[in-house]
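The values are calculated or read from the model by the stated rules, or taken from the named source; none is laboratory data. All of these numbers come straight from a predicted model, not from anything done at the bench. Just so you know, the surface numbers come from the protein's heavy atoms only, side chains and all, with ligands and any DNA or RNA stripped out. Shrake-Rupley method; radii C 1.70, N 1.55, O 1.52, S 1.80 Å.
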Amino acid sequence: MRHQNSVFHSLTKHVPWDRLERSVEKHGADRLSRKLNTKRHFIALLYGQLSGASSLREIVTGMASHETRLYHVGAAPVKRSTLADANAERPWQVFGELFTEMLAQAHRGLRRAVKDAVRLIDSTSVRLPSLSGDWATFSAGVCGAKVHVVYDPNADRPVYFAVAPANVNDITAAKAMPIEAGVTYVFDLGYYDYGWWAELDDAGCRFVTRLKKNTPFTTVKENRVPKNSNILSDRIGHLPARLANSRNNPLQVPVREISAIIDTGKLLRIVTNDLDAPAEEIADLYKQRWQIELFFRWVKQTLRIRHFIGVSENAVRIQIAIALIAFLILRMARLAQTAVHSPLEFARLVRTNLMHRRPINGLLEPLQPIPINPNQLKLGLYFP
């Protein structure tokens, strides 16, 4: 009978192990936790994400029940204390760099012209136990962290992530993000900073965001608005030249304000440095921002970033990095098969069949019975 790999084994083939080994050497990641090397550590946490395990104990017992099939993946059951120590001690940058390497692999064949590239920026909060209070205190008795993400809606994948305590403002994290010259950035009011907008403009980027209700706007030119649309006005002008404390506004270039009514009836003041694109295109770009909200919802519902298996900053960063890597693996595996088109259905089928020996492209087919060799000894039980 032809050997068939488990679903988990097939998924791990998307991992560039040579790149992981390179990062291990770079950070000396195997010197601190010798009982559990980085590859086995990664496989254990990836198993936890894909199987839906919500604790170290679930990961350990689940792997122990599949010891023979883990052997073919290059892994073995682990002890709970050893896994906890590795989460606390192993540099999270190893897994962060692996995520970056896999991004290039996932985006292969999906490259678009820079002028067509869109990046959505947002963050999501995750609640942490009180034991994380030494680094993630948000308010009295409340601990949490924020996951800041730059998302490519065309490829349906994140392209950058960072983790910070929940009390760090979104714009502070955004200023540390790399800027891709020439692309379009779409974000909400959490990134309201004229200085940062000016940096995007200087880099040749187009930005699309919202203006606050009380922000003054000096109109220089009024554009025509299309009939029978949700666009109420389209104006070119300037933001306030002076800010609080008599500071000069760093964004002195003309910008464009588009007033639009959304489906809920709310009026939005959309602002952009693109003075030429149709108003409907700008409004549609801002509407795309909801795709990153759907991404956050999908990750929280399908993967494991609600229940954390470690309380230290290093452990939390590792778990979030592994969750995003699991997201990339699921997306790449789904594109490589033709049987299941829904990402959510595919993720659920993977979880159900994770350690079964069957092809990725046959998750919808019923499991085949184990063939019986007619020459083997048959035992029967007889009762009087």
Ordered by residue, what ³J(HN,Hα) values in Hz, to whole numbers, does the stretch 128-141 give under the Karplus form 6.51 cos²θ - 1.76 cosθ + 1.60, where θ = phi - 60° and Gly and Pro are x? 10, x, 4, 5, 8, x, 6, 9, 10, 6, 9, 8, 4, x
The stretch 213-250 versus the stretch 307-327: alpha-carbon centroid distance in Å: 42 Å
Heavy-atom surface of the chain, accessible at 1.4 Å and reported per residue (Å²): 52 Å²
When N counts the residues of the stretch 96-230, how does its alpha-carbon radius of gyration compare numerically with 2.2 N^0.38 Å, as a ratio? 1.27
What are the semi-axes of the equivalent ellipsoid of the stretch 271-369, taken as the square roots of 5 times the eigenvalues of the Cα gyration tensor, listed largest first and rounded to whole Å? 34, 23, 10
Using only the Cα atoms of the chain, what semi-axes does the equivalent ellipsoid have when each is the square root of 5 times a gyration tensor eigenvalue? Give whole Å, largest first. 47, 25, 18
Which order do 318, 261 take by accessible area at a 1.4 Å probe, largest first? 261, 318
Just the accessible area for residue 352, please: 1.4 Å probe, Å², rounded to the nearest 10? 100 Å²
The stretch 171-250 - Kirkwood radius from inverse mean 1/r over Cα pairs (Å): 14.6 Å
For the stretch 196-313, what % of the accessible area comes from carbon and sulfur atoms, probe 1.4 Å? 49 percent
What is the total of Lys pairs in the stretch 137-270 with C-alpha atoms under 26 Å apart, excluding same-chain pairs fewer than 8 positions apart? 12
When the convex hull of the C-alpha atoms of the stretch 151-304 is computed, what volume per residue in Å³ does it have? 143 Å³
Quick one: which residues, 5+ away or cross-chain, put their amide H under 5 Å from the amide H of residue 166? H built at 1.01 Å from N. 144, 145, 146
Residue-wise HN-Hα coupling along the stretch 286-296, computed from phi with Karplus coefficients 6.51, -1.76, 1.60 (Hz; x: Gly, Pro): 5, 5, 4, 4, 5, 5, 6, 5, 5, 4, 4
Counting only protein heavy atoms with a 1.4 Å probe and every protein chain in place, the carbon and sulfur fraction of the accessible surface of the stretch 87-187 in whole percent equals 53 percent
Principal axis dimensions, the stretch 1-102 - Cα atoms, whole angstrom, descending: 43, 28, 22
